[in-house]
Amino acid sequence: VDALRSAAGGGAARDALRGLYGALMRSDETAAARAVRALAGRLALGAGSADDALAARLHRHYPEDVGVFSAYLMNHLVLAPGEAIFLPAGEPHAYLKGDCVEAMACSDNVVRAGLTPKHKDVENLVDMLSYTMGGPDIEFGRLVHVGEGTRTLCYTPPVPEFEVLITTVE
């Protein structure tokens with residue numbers, strides 16, 4: 001992962017990430033389960049990074065799933081109430097805890113490769129991801145209405161298909 005961060009140019013880093021993630025997700029199931037068990041054993045010893053804590057949590061919910069290693073390859077964001085992010089097509093995401101609203105254009109392209117008991121389509125997912133690095137911007141919404149006992153915030157992503165309004169009533 002450190003090599004990805006120091007790779008010269010976006011293209012080289014993107015190619016390195018694509019290769020790493022593809023190899024990881026295509027690994028032999030038995031070998032992957034063994035590697036996840038070894039990681040879980042190391043993590044059980046305690047005191048690690050925030051990524052280690054996330055990997056341990058993922059392992060508790062999805063024992064021996066190769067997706068546990070995603071904790072080290074993806075951004076782990078904790079949003080406060082009222083905060084939002086926009087992820088364009090081709091960006092992997094998962095909701096780990098809490099309540100959220102997901103708004104998306106009409107689509108039937110939910111593709112899974114790990115951390116789920118549902119159908120996994122590793123080849124399609126590995127091929128379709130953008131491998132963009134860096135985290136998304138957190139949006140706080142803009143105030144569009146204040147009335148007696150109400151307040152409305154608007155979240156406008158950089159796409160024309162939709163925006164989200166949230167009205168709070170006292």
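What follows draws every value from the coordinates through simple rules; no lab data is involved. Just so we're clear, the structure is a prediction, and the values are computed from it rather than from any experiment. Heads up, the Cβs are rebuilt from the backbone with ideal geometry, glycines too, and the neighbour counts pull from every protein chain shown.
To one decimal place, what orientation-averaged projected area in nm² is obtained for the convex hull of the Cα set of the range 1-157? Present the calculation step by step, with values, prior to reporting the outcome.
Working: hull surface 47.7 nm².
Averaged projected area of the range 1-157's Cα convex hull equals 11.9 nm².
Just need the relative contact order of the range 1-147 here, percent rounded to a whole number, with Cα pairs under 8 Å and 6+ apart.
Working: 122 pairs, mean separation 39.3, N = 147.
Computed value for the range 1-147: 27 percent relative contact order.
Per the helix-only calculation at 222 nm, which mean residue ellipticity applies to the chain, given -39500 (n - 2.57) for every DSSP H run of n ≥ 4 and division by its residues, nearest 500 deg cm²/dmol?
Numbers: 5 runs with 55 residues, N = 170.
Computed ellipticity for the chain at 222 nm equals -10000 deg cm²/dmol.
If R₀ is 45 angstrom, what is the calculated FRET efficiency for the pair T152 and A23, using the beta carbon separation as r and rounding to 0.05?
Working: r = 47 Å, r/R0 = 1.05.
E(calc), rounded to 0.05, equals 0.45.
I need the semi-axes of the equivalent ellipsoid of the range 74-170: take the C-alpha gyration tensor, multiply each eigenvalue by 5, square-root it, list largest first in whole angstrom. Could you put the intermediate results ahead of the total?
Numbers: eigenvalues 181, 40, 35 Å².
Result for the range 74-170: semi-axes of 30, 14, 13 Å.
For H145 paired with L79, estimate the spin-label separation in nm (one decimal), with each label point 7 Å from Cα along the Cα-to-Cβ line.
Computed distance between label sites H145 and L79 equals 2.2 nm.
Does anything in the range 13-57 have its amide N under 12 Å from the 7 Å Cα→Cβ label point of E64, and if so which residues?
Answer for the range 13-57: 29-38.
Please list 3J(HN,Hα) in residue order for the range 62-75, calculated via the Karplus relation 6.51 cos²θ - 1.76 cosθ + 1.60 where θ = phi - 60°; whole Hz, with x for glycine and proline.
9, x, 6, 8, 4, x, 4, 5, 4, 4, 9, 10, 10, 6
Place a point 7 Å from Cα of M133 in the direction of its Cβ. Which residues in the range 16-57 have their backbone N less than 11 Å from it?
In the range 16-57, the label zone of M133 (backbone N under 11 Å from the point 7 Å along Cα→Cβ) covers 16-18.
Run the quick spin-label model on I166 and T116: label points 7 Å from Cα toward the beta carbon, then report their separation in nm to one decimal.
Here the answer is 2.4 nm between the modelled labels.
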